[in-house]
Amino acid sequence: MTKKQTKILLIDDHKLFREGVKRILEFEPSFEVVAEGDDGYVAANLVKEYNPDVVLMDINMPQLNGVQATADLIKQFPDLKVIILSIHDDESYVTHALKTGAQGYLLKEMDSDSLIEAIKVVREGGSYLHPKVTHNLVKEYRRLAGESVPASTGVAEPSISYHKPLHLLTSRECEVLQLLADGKSNRAVAETLYISEKTVKNHVS
């Protein structure tokens with residue numbers, strides 16, 4: 001049985017970068033770049049026309065940025081898979097992008113193997129973060145978790161500020177995030193925590 005083609009939509013305002021990504025994806029027989037655009041405003045129309053499985057979305061574009069474009073797309077097409085492409089590895093960019101519904105976040109310094117793997121993982125319903133991004137998320141979580149409680153109050157207060165995105169993570173999600181940052185696969189994380197691989201994927205999402 002022939003494996004189903006993964007249809008990919010590429011949105012990026014730099015034509016040279018788009019051409020480079022397309023050349024990389026052409027080496028993967030199961031991938032097909034069905035369309036491309038240079039701004040977030042065109043994304044919805046291209047999704048309607050070409051029905052892609054995965055959208056590669058640049059985060060910085062002159063008119064409608066990738067984060068807002070992703071939020072708009074997910075509202076219209078809840079099952080659509082979006083991977084953000086960015087030069088920013090700061091956790092605030094990452095958490096903002098993931099809140100919109102993006103399933104992946106890749107830095108543009110990625111190698112071709114990481115790009116191909118990310119598309120395959122996201123296509124199957126998983127999530128994929130660039131290793132450097134995962135490391136920074138864990139580093140920020142540790143910093144927040146280590147904040148001291150003010151001595152002047154007699155009541156114990158949470159050490160993590162409520163306005164910080166990582167406060168939304170449960171203790172189990174933090175365990176999963178730490179293991180992923182250590183380089184473990186979803187399966188290895190499942191074995192370590194004695195939970196199913198599906199549960200791990202749910203936590204990652």
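Based on a Kirkwood Rh over C-alpha pairs, give the Stokes-Einstein translational diffusion coefficient of the stretch 37-134 at 10 °C and viscosity 1.306 mPa s in µm²/s.
In µm²/s, the coefficient rounds to 120.
Which length gain, in nm to one decimal place, applies between Leu64 and Arg172 when the Cα-Cα distance is subtracted from 0.36 nm times their residue separation?
So the chain would gain 35.3 nm between Leu64 and Arg172.
Could you give the length gained by full extension between Glu19 and Lys75, i.e. 0.36 nm per residue of separation minus their alpha carbon distance, to one decimal place?
Computed gain between Glu19 and Lys75 is 17.3 nm.
Going down the table (Lys75/Lys108; Lys22/Lys120; Lys15/Lys132; Lys48/Lys75; Lys7/Lys198), which pairs top 19 Å between alpha carbons?
From the list (Lys75/Lys108; Lys22/Lys120; Lys15/Lys132; Lys48/Lys75; Lys7/Lys198), the Cα-Cα distance tops 19 Å for Lys75/Lys108; Lys15/Lys132; Lys7/Lys198.
Which order, highest average first, do 38-44, 106-112, 8-14 follow once you tally other Cβ atoms within 10 Å for each residue and take the mean per peptide?
8-14, 38-44, 106-112
Determine Rg/Rh for the stretch 1-69; Rg is computed over alpha-carbon atoms and Rh is the Kirkwood hydrodynamic estimate from the same atoms.
Result for the stretch 1-69 is an Rg/Rh of 0.99.
Treating the beta-carbon of each Lys and Arg as +1 and of each Asp and Glu as -1, no other charges, what is the dipole magnitude of the stretch 14-60 about its Cα centre, to the nearest 20 debye?
The dipole magnitude comes to about 60 debye.
Apply 1/(1 + (r/R0)^6) to the Cβ-Cβ distance of His135 and Asn202, taking R0 = 30 Å, and write down the FRET efficiency to the nearest 0.05.
FRET efficiency, His135 to Asn202: 0.85.
Where a number appears in this text, it was derived from the coordinates with a stated rule and is not lab data. Owing to the predicted nature of the structure, the values given are computational and were not obtained by experimental measurement. Quick reminder, even Gly has a Cβ in these numbers, built from the backbone with ideal geometry, and neighbours come from all protein chains shown.
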